[in-house]
Amino acid sequence: MGLHRSAIPDAVRTLLAAGTAIPAHPLALDAERRLDRRRQRALTRYYLDAGAGGLAVGVHTTQFAIRDVGLHEPVLAAAVEDARAWTDRPLVMIAGVCGNTDQAVREARLAVSLGYHAGLLSLAAMRGAPQAEIIAHCRRVAEEIPLVGFYLQPAVGGMELDAAFWAEFCGIDNVVAIKAAPFNRYRTLDVVRGLVAARAEQRIALYTGNDDHIVLDLLTPFAAMRDGAPVTVRFRGGLLGHWSVWTRQAARLLARLQAAADGGAVPAELLALDARVTDCNAAFFDVAHDFHGCIAGCHEVLRRQGLLEGIWCLDPKEGLSPGQAEAIDRVCREHADLSDDAFVAAHRDRWLS
């Protein structure tokens, strides 16, 4: 057995269960598309000072291609090293885990050896496989590391996973959380139904990855029937590429949403923020072009703030789509109160030092 959830430090387990803001960590490159170690460190420092409760590294926003260019282990190791050097408060460190079973097991073992607490398990490599085979894959990886399930929307490589799948997945003892990102209300409800059916709602924390409904996911009580009675669960936090930008305001927003949800009264102005946050996400994630420029869009926001030198991705074909820069201009202008430009400007030089 590798790392079991019971071996995660108590403070980290409590933080994950209570819900926190976990940005998906981007990859800082220079003009030669090599790792810019100084700016990679600055991003980590920014997220921690902004109030993030953890980091997700080696995930889509970090660019899966790091595995093809020898950057997988260096980037994962850098985030742990930089986080430990910058703060001693508890942090939930999540590593992306992907590929077929052999690859996923290797990546899980690497993550554990570096000090990560959980693995965000991508199932993209299992697309088309029978459900029993996918569950067996999940069980095998869970022997190495606590899992964060990942329901990725089919439009960008995910697959449809019904409530029966999620009930089986949630029955795996070493699952600690699920990131629901199908960008679909019906499929999000399947996650909830599966979680409740498995009687795992006390063990597994729900995290939103639904960039089109971040605010509403965090405010809505989701009910599913069990034994003839409704069981209500909530999304407690977010694990989001969207939160790799304007992170200070994202962490503050999460605190407001948690307080409102726990208090039982949700002000109308908080509900109205759902559309505004989604509008920003549409520009950053390039919804107009089927998410082609989603990584470059986040890079562009960070470049404008001076945290990144450029928007370079490992794949030279990845960049801003036509009109995306203008869309980002618009949301930065119309939703300036959701940005953290002043916060970044005040601390950027220290993070880059």
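The values are calculated or read from the model by the stated rules, or taken from the named source; none is laboratory data. Bear in mind the structure is a predicted one, so any value in this text is a computation, not a measurement. For neighbour counting, all protein chains shown are included, and Cβ atoms are generated from backbone atoms with ideal geometry for every residue, glycine included. These accessible areas exclude ligands, DNA and RNA; they are computed on the full protein's heavy atoms, side chains included. Shrake-Rupley method; radii C 1.70, N 1.55, O 1.52, S 1.80 Å.
Regarding segment 266-283, can at least one residue be identified that is at pLDDT 95 or above, in a loop (DSSP other than H, G, I, E, B) and either touching an Asp or Glu at 6+ places or on another chain (Cβ under 6 Å) or closer than 30 Å to Asp30 by Cβ (or both)? Checking segment 266-283: not a single residue is at pLDDT 95 or above, in a loop (DSSP other than H, G, I, E, B) and either touching an Asp or Glu at 6+ places or on another chain (Cβ under 6 Å) or closer than 30 Å to Asp30 by Cβ (or both). None of Arg139, Arg199 is at negative phi and either part of a strand (DSSP E or B) or over 17 Å from the mean Cα position of the chain (by Cα) (or both) except Arg139. For segment 307-353, a residue qualifies if it is among the aliphatic types (A, V, I, L, M), without any contact (Cβ under 8 Å) to a residue 24 or more places away in the chain and not in a helix (DSSP H, G or I), and exactly one does: Ile311.
Asp49: within 17 Å of Leu302 (Cβ to Cβ), at pLDDT 95 or above and open to solvent by 10 Å² or more (accessible area, probe 1.4 Å), yes or no? Yes; evaluated as a whole, the condition is true for this residue. The single condition among (1) closer than 22 Å to Cys138 by Cβ; (2) touching a Ser or Thr at 6+ places or on another chain (Cβ under 8 Å) that Ala198 does not satisfy is (2).
A quick yes/no check of all residues on (1) open to solvent by 10 Å² or more (accessible area, probe 1.4 Å); (2) touching a strand residue (DSSP E or B) at 6+ places or on another chain (Cβ under 8 Å):
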site	(1), (2)
Leu189	yes, yes
Leu195	no, yes
Gln202	yes, no
Tyr207	no, yes
His213	yes, no
Leu216	yes, no
Thr220	yes, yes
Ala223	yes, yes
Gly228	yes, no
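Put simply, of Phe235, Phe222 the only residue that is touching an Asp or Glu at 6+ places or on another chain (Cβ under 9 Å) and hydrophobic (A, V, I, L, M, F, W, C) is Phe235. Pull up segment 284-306, narrow it to residues that are assigned to a loop (DSSP other than H, G, I, E, B) and among the charged types (D, E, K, R), then point me to the one that is nearest to His335 (Cα to Cα). If we take residues in segment 284-306 being assigned to a loop (DSSP other than H, G, I, E, B) and among the charged types (D, E, K, R), then Asp286 is nearest to His335 (Cα to Cα). Just one of the listed residues (Ala261, Ala229) is under 30 Å from Ile172 (Cβ atoms) and in contact with a Lys or Arg (Cβ under 7 Å, 6 or more places away or on another chain), and it is Ala261.
So that you can scan it fast, the table gives a plain yes or no per residue for (1) assigned to a strand (DSSP E or B); (2) under 28 Å from Ile295 (Cβ atoms); (3) among the aromatic types (Phe, Trp, Tyr):
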{"position": "Met159", "(1), (2), (3)": "no, yes, no"}
{"position": "Asp173", "(1), (2), (3)": "no, no, no"}
{"position": "Lys179", "(1), (2), (3)": "yes, yes, no"}
{"position": "Arg187", "(1), (2), (3)": "no, yes, no"}
{"position": "Val192", "(1), (2), (3)": "no, no, no"}
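Taken together, the criteria place Ala142 among residues that are buried (at least 19 other Cβ atoms within 10 Å of the Cβ) and either touching a helix residue (DSSP H, G or I) at 6+ places or on another chain (Cβ under 6 Å) or of a type in the set (Gly, Ala, Ser) (or both).
Is segment 95-105 home to any residue that is without any contact (Cβ under 8 Å) to a residue 12 or more places away in the chain, of a type outside the set (Ser, Thr, Tyr) and assigned to a helix (DSSP H, G or I)? Looking through segment 95-105, at least one residue is without any contact (Cβ under 8 Å) to a residue 12 or more places away in the chain, of a type outside the set (Ser, Thr, Tyr) and assigned to a helix (DSSP H, G or I).
Considered as a group, the residues in segment 162-187 that are under 12 Å from Cys138 (Cβ atoms) and of a type in the set (Phe, Trp, Tyr) include one that is surrounded by the most Cβ atoms within 10 Å (Cβ to Cβ), and that residue is Phe169.
Leu257 meets the conditions (1) buried (at least 19 other Cβ atoms within 10 Å of the Cβ); (2) in a loop (DSSP other than H, G, I, E, B) in every case but one. The failed one is (2). Looking only at segment 50-85, residues that are of a type outside the set (D, E, K, R) and part of a helix (DSSP H, G or I) come to 17 in all.
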